[in-house]
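Structure first, then comments.
The values are calculated or read from the model by the stated rules, or taken from the named source; none is laboratory data. Note that the structure is predicted; figures quoted are calculated from it, not measured. Here Cβ is always computed from backbone atoms with ideal geometry, including for glycine, and neighbour counts include all displayed protein chains.
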């Protein structure tokens, strides 16, 4: 029961966060929301027992790729045009 | 146009949601992944063949070693491609950036980073070296190692990080990582086995063939860690400066 609730919570948060990251105009905010998405995925992997995958998601997905995205955004215009 | 795209995305989303109900439920013993003979072979033989408790690492670095080797090569080539494409471009210093970052490193930030960077690096070594016993391994440890240098670059500036890990050394370290991986493979070939057949390393190591596979996996993971950490830092250095490798964010 508790696990079911946890899964439902995380999966619905995933959808919200995914839509939100496309919704916002500011690309830095979008990148940070992507990091949140990765952390939620990481939680989900860890809960399923795939700890190796969760670890990779936390380091690569939430850590380095966010930094790389932000490093790229700082060399662009910050706001999306449309 | 926007509305059409929205409807298209909605339709494909519904299609995926509809298809998702055919997936086996979580933990289903009759799921194709659980019932295939390959999985049961690995589950029953990993401990016997290799003495490695973490089955994921054993599959990744030993049974599927060839695959992981070329995954590392892909990381290497991707890093080289990004850096050489950005470096070749014209130097467009004049383009207006929306951000003007002040270059004075913050006292609180730098001192915090000074404290936590050694911890991150030791943790990275632990993840790398303990990868075949607990979750972790070359990729995760390498990324944590690269991230510690990125943290230095973020809190001081890129120049400080590049004095500790020059970009030329990044390429050397990345190449050395692949040479370590391929070298272990070639060594086992020279000792009479096939490429990456670590059990034959027992002829030069004073251990049983099973333990030879255990130790060779560690060697291979170290190679992966070298390449990944160097490429991660080089990627950041290149992307944050538009390929100029100076000033930084």
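Couple of notes before you dig in:
- Count of the stretch A:27-68 residues which are within 16 Å of residue B:239 (Cβ to Cβ), more than 9 Å from chain B (Cβ to nearest Cβ) and more than 12 Å from the chain's Cα centre (by Cα): 2
- Qualifying positions in the stretch B:180-198 - surrounded by 14 or more Cβ atoms within 10 Å (Cβ to Cβ) and without any contact (Cβ under 8 Å) to a residue 60 or more places away in the chain: B:180, B:183, B:184, B:187, B:188, B:189, B:191, B:193, B:197
- Residue check for residue B:127: part of a helix (DSSP H, G or I), more than 17 Å from residue A:66 (Cβ to Cβ) and facing chain A (nearest Cβ under 8 Å): yes
- Elements of type helices (runs of 4 or more DSSP H) in the stretch B:1-114, at least 3 residues being at pLDDT below 85 and surrounded by 10 or more Cβ atoms within 10 Å (Cβ to Cβ): B:37-50
- Some residue of the stretch A:14-32 being farther than 22 Å from residue B:60 by Cβ, in contact (Cβ under 8 Å) with a residue 40 or more places away in the chain and surrounded by fewer than 15 Cβ atoms within 10 Å (Cβ to Cβ): yes
- Residue within the stretch B:133-153 that is more than 15 Å from the chain's Cα centre (by Cα), closer than 24 Å to residue B:49 by Cβ and either in a helix (DSSP H, G or I) or within 13 Å of chain A (Cβ to nearest Cβ) (or both) present: yes
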